[in-house]
């Protein structure tokens, strides 16, 4: 942390399609940022207001974390799908014979898909090839794409979490023909379930152009009105990402609002372990914060209609205020303020969810440390101060009805924010 | 909330209840396949019309019938979903071998995602679904069925995989079928649609557990309507005969779930729950592929073939075994399996001893 | 202790202190004094169902497959009132210990093969007497390795845990756990006396055992007795050490004295100027402070010629240095010297406090103290020591426990140097009738008073508080016994002699009450 005499502060900003909110957190104390009588218009004025509020209190704004998930979700649900023509490529042994299986079960996702293709190929869960990649089909695919309009591609192969080579081969082939094509591969996300992985990849691919422009606008605004302040983007699991990564992996930013509301409510209540009941139009929902981090799952996001493989707050229907069990908290503050507080107090996180086959205890240790290492690296890439990333949750469970020794490993890593000098925005493929 | 549709059919709108009920009879199934499976089957039922759910007594005894299930791992199923024709193809391959036509289908196990298999086949083949199954829950091996106990052969059977490949198995003694099948299922991609136990409805009248499919749907409807854990358990009790062993907080997930406790990973996991009321006992729940035993302060109070479920109290829904966390408040429910599973021969096959728990079933003592 | 009484079964705590269970990890033991009557090796959980009470159950093979089998075995062991369950370490988890606690069943974790363990344990359990003998031998070995009191008490407390053990000397706990000496409900005190090397009682070993357990008391007493030789050795060791350090200090002090130019005994040299002598560096190594303003204390036996045994030095050192650990105590001939070094000559508060604390010890050992004036530097220290010594001599007149400050001492201090013992011997040789007389005290008192008063009978009678004729009579008696007052040549000698005899015999020289 910067040892300058004025103390540091962090700000959280919630961007909506229409309107915004912001909050300042100084020394653990939170206060809303007034956005002017007309409400702020555009990220620039919100950030400027946050900066002014900080100066008025005599503090330096170290970091501002922006929740853009509402903007992204709005585009997914209501935006013009054809604005970013996206093609979905499935690499499985056989194409679906029933059209229902050939689509995403969620209408919200399917409408973003302009074209669908199946290329024969794929591996099993443990990485054994089930079907060789059909090169003829691949060639035809490239030709069709070249002549078409889709310039965003989501490629998902069965078993690619264990063995991504088919996805890579398809991606390389397409890239050779269409150098400007933007590709999201399922193996970039990990997780379980083809439908979930495909939906995540499609959303990611479709959202990239929008995410890039939002992040660019934010970065420019920060450079203009908040020089010296670091910019972060809120993640769906209650953590945050570096702006460059958020532009590459916008799917990871989805669901941030719910998670931030939980995170902020816990902070305002001064509790690290608490169950919270949040108000929603469809009824109350409950979520959990443990050790300061939101409890997450690869679950369905409300409104989307299908599971995703990015971790989001595990929310459950709550019977209602009358049935609240002891220890639960129903926050009373303005939800927007709570979200901003949560964003301001978020930490860089990462999450891995994988399947492996273990033959011995030593091998389990080896696999576990390797997964931890990778998760730590990702958390650091997400903005954790090097050396502070540590495992907060690790679970290894046997996978039923599978070859003996098959286990599912889930690890979650969190770190301390590194808000020293702003890092160079680097374009990366992960 | 009424029971099964009065005219005995399964419609598109019943599909979510089917999934929930399926979870009750095997808590090991996660939600990885929920959306795509329910979405597909609902659309299938919309397109092809409702599937007729008929008790064995209501069909002529000579009606040919074959059972369906999904064999293998739910993980593999979620990672490589069916193309859609696997179930019908499996039935047709057996039919071709036996030079016959199957006029009805029935579930090998009315539980877990397997309960969808006969519904899909019935919808695609346009035949009725017999309201009877061979297990009343899930068991690990395909010869753990009432049909086998009644002398019905499981083979010839066909396992049709998502790769388009299929395996046909014919054995002389039933237990061999599972052994011959297992390695093939892994090679096929980790799961397969299985058509087995070709027989007649007349045989099913005495060789199968009747009414289990409609019971499953009823359980699903109760679970979907759940708002309050106590009320939910009351309603479930009326349908399944389940009772609550205890309510407590999870204090430990042992073996695989705690990194420091691992010896050999094929050893199963255990869940430790401290009761919050009553006698405040320590409940120990032993898991293999599903719950096989519950010990209260070291005393065996429930064991396979009893069906054991964990209910997440605050959410008033079933807790899936792969998402348990220390601190969760859960109710431990136990429902009895069909009576015939408690005979000495059946207990030897599916009771606690078969899972390595060398204690006598509490029902026996 | 009758030889015909059957040996009591071993307790769990005894078993835990004997091989092979010594290496076991205790997951939970509710009652270490629970007896163990037999050993059962259980291969299946079913076997545990048939266990008889007070058995220790070892689980192996099928009965040790996993947490569930341990849980089931704990439950059955509880039902059957077993004493303990022993299981390989890798089978138990945190929940197993929690269950053991819930069921109040002892649970032990081991790394060794349960079958081997069972054989070893069975040997002990069936022959408790030999197990105890083996244990006593081991305890004796452990005790033999200890060279300090703390070490010995540490072993005793470890071996007898949870029973506390302490060493009590002179009514206070010198080592070990004070809980042993406290009276508490539900405990009985076991006491074993410890003698010093001289055969005299020195202290006691005390253990607080749970009430009603006679066997435990017997075992505890046996173990305590084992400790006596080691205690003796430790005691002797500490004596030697303190003896050695006393000699060291004496030599160092002598060196200091020589450096400052002071003669070792009363001599003719005048002390050098304070500024000429610096505090040598080695004195700080001893922990001595000599560079500031020094005020010395001299401790002397109440009667000149009394012994100054090493034992006393040791006790005094302990008593004097309690609370004043940095004030040295150096043996000097027939007394001890200590000093206080500071900045302010007038600041006597610490000294007054120390003297007050020490008063009881001084009285108990019939000692007197003298305090010198404050002088600077090493020569100043030596001078203060001489003053303190003189003052102590004067203090003798006031009886044991008396403290005299040199500031108030005058020429009469000269009398303090009289070798009273030697003079008494002169009297015995030259005035045997006087020494043998039954009224010798009265005669000497009267003669002394007359001499003190310059020959005036009247003033002497006033001083003594008796009639003039009484004095006359007694003086006449004295003449008859050899005290020739009228002989001017002998008068000084007689005066000195009478003074010495009066001091020696504790004769009152005024009308006030005789010294106690």
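The values are calculated or read from the model by the stated rules, or taken from the named source; none is laboratory data. As the structure is a computational prediction, the values presented were derived from the model and not from experiment. With ideal geometry, Cβ positions are generated from the backbone for all residues, glycine too; neighbour counts draw on all protein chains shown.
Quick notes on this one:
- Conditions (1) assigned to a loop (DSSP other than H, G, I, E, B); (2) more than 9 Å from every other protein chain (Cβ to nearest Cβ); (3) without any contact (Cβ under 8 Å) to a residue 24 or more places away in the chain; number of the one not met by residue B:358: (2)
- Consider the range A:354-363 and keep the residues that are outside any loop (DSSP other than H, G, I, E, B) and touching a helix residue (DSSP H, G or I) at 6+ places or on another chain (Cβ under 8 Å). The one that is farthest from the other protein chains (Cβ to nearest Cβ) is A:354.
- Residue satisfying all of: in the range B:283-305; out of contact with any helix residue (DSSP H, G or I) (no Cβ under 7 Å at 6 or more places or on another chain), part of a strand (DSSP E or B) and surrounded by fewer than 23 Cβ atoms within 10 Å (Cβ to Cβ); nearest to the other protein chains (Cβ to nearest Cβ) among these: B:296
- Single residue of C:496, C:475 found to be at pLDDT 85 or above and within 22 Å of residue C:420 (Cα to Cα): C:496
- Some residue of the range B:324-336 being more than 23 Å from residue B:296 (Cβ to Cβ) and either in the same structural domain as residue B:293 (by TED's automatic domain parsing) or in contact (Cβ under 8 Å) with a residue 12 or more places away in the chain (or both): no
- Conditions (1) surrounded by 23 or more Cβ atoms within 10 Å (Cβ to Cβ); (2) free of Cβ contacts under 8 Å to residues at least 40 places away in the same chain; number of the one not met by residue A:100: (1)
- Against the list (1) over 21 Å from residue B:324 (Cβ atoms); (2) more than 13 Å from chain B (Cβ to nearest Cβ), the condition residue A:351 fails is (1).
- Count of the range A:284-303 residues which are more than 10 Å from chain B (Cβ to nearest Cβ) and either modelled with pLDDT under 80 or assigned to a loop (DSSP other than H, G, I, E, B) (or both): 6
- Screening residue B:41 against (1) in contact with a helix residue (DSSP H, G or I) (Cβ under 9 Å, 6 or more places away or on another chain); (2) assigned to a helix (DSSP H, G or I); (3) free of Cβ contacts under 8 Å to residues at least 60 places away in the same chain; (4) over 25 Å from residue B:232 (Cα atoms) leaves a single unmet condition, (3).
- Test: residue in the range B:177-185 that is without any contact (Cβ under 8 Å) to a residue 12 or more places away in the chain and over 17 Å from residue B:144 (Cα atoms): yes
- Residues considered: C:110, C:115, C:86. Of these, the only one that is away from chain B (no Cβ under 14 Å) and surrounded by 21 or more Cβ atoms within 10 Å (Cβ to Cβ) is C:86.
- Within the range A:144-197, the residues that satisfy the criterion of being within 13 Å of chain B (Cβ to nearest Cβ) and either surrounded by fewer than 17 Cβ atoms within 10 Å (Cβ to Cβ) or without any contact (Cβ under 8 Å) to a residue 60 or more places away in the chain (or both) are A:159, A:163, A:186, A:187.
- Among residues that are touching a residue at least 12 places away in the same chain (Cβ under 8 Å) and more than 15 Å from the chain's Cα centre (by Cα), residue A:230 is included.
- Residues of the range C:130-152 satisfying the condition of being surrounded by fewer than 14 Cβ atoms within 10 Å (Cβ to Cβ) and within 18 Å of residue C:21 (Cβ to Cβ): C:130, C:133, C:137
- Members of the range C:464-507 found to be under 30 Å from residue C:301 (Cα atoms) and surrounded by fewer than 19 Cβ atoms within 10 Å (Cβ to Cβ), listed by number: C:492, C:493, C:495, C:496, C:504, C:505, C:506
- Residue C:41 vs. criteria touching a residue at least 12 places away in the same chain (Cβ under 8 Å), more than 24 Å from residue B:360 (Cα to Cα) and away from chain B (no Cβ under 14 Å): no
- Candidate set: the range A:252-282, residues that are in a loop (DSSP other than H, G, I, E, B) and out of contact with any strand residue (DSSP E or B) (no Cβ under 6 Å at 6 or more places or on another chain); chosen: the one farthest from residue A:23 (Cα to Cα): A:282
- Test set (1) modelled with pLDDT of 75 or more; (2) at negative phi; (3) assigned to a loop (DSSP other than H, G, I, E, B) - residue A:422 fails condition number: (1)
- Test for residue C:61: is it over 50 Å from the mean Cα position of the chain (by Cα), buried (at least 24 other Cβ atoms within 10 Å of the Cβ) and farther than 23 Å from residue B:250 by Cα: no
- Number of positions in the range B:111-145 that are in contact (Cβ under 8 Å) with a residue 40 or more places away in the chain, under 16 Å from the mean Cα position of the chain (by Cα) and assigned to a loop (DSSP other than H, G, I, E, B): 13
- Of the helices (runs of 4 or more DSSP H) that lie entirely inside the range C:386-443, those containing 1 or more residues that are at pLDDT 85 or above and farther than 24 Å from residue C:365 by Cα span C:420-430, C:432-436.
- Exactly one residue among C:159, C:215 is in a helix (DSSP H, G or I), in contact (Cβ under 8 Å) with a residue 12 or more places away in the chain, in contact with a helix residue (DSSP H, G or I) (Cβ under 6 Å, 6 or more places away or on another chain) and surrounded by 14 or more Cβ atoms within 10 Å (Cβ to Cβ), and that residue is C:159.
- Scanning the range B:325-358 for residues being touching a helix residue (DSSP H, G or I) at 6+ places or on another chain (Cβ under 8 Å), modelled with pLDDT under 90 and over 18 Å from residue B:141 (Cα atoms) gives a total of 1.
- Any strands (runs of 3 or more DSSP E) falling wholly within the range A:1-50 and containing at least 1 residues that are surrounded by fewer than 17 Cβ atoms within 10 Å (Cβ to Cβ) and at pLDDT 85 or above: A:29-32
- The residue of the range C:64-83 that is nearest to the chain's Cα centre (by Cα), among those that are farther than 16 Å from residue C:114 by Cα and more than 10 Å from chain B (Cβ to nearest Cβ), is C:83.
- Sole exception among (1) surrounded by 24 or more Cβ atoms within 10 Å (Cβ to Cβ); (2) at pLDDT 95 or above for residue B:168, by number: (1)
- For the range B:131-151, the criterion of being at pLDDT 95 or above and within 12 Å of chain A (Cβ to nearest Cβ) is met by none of the residues.
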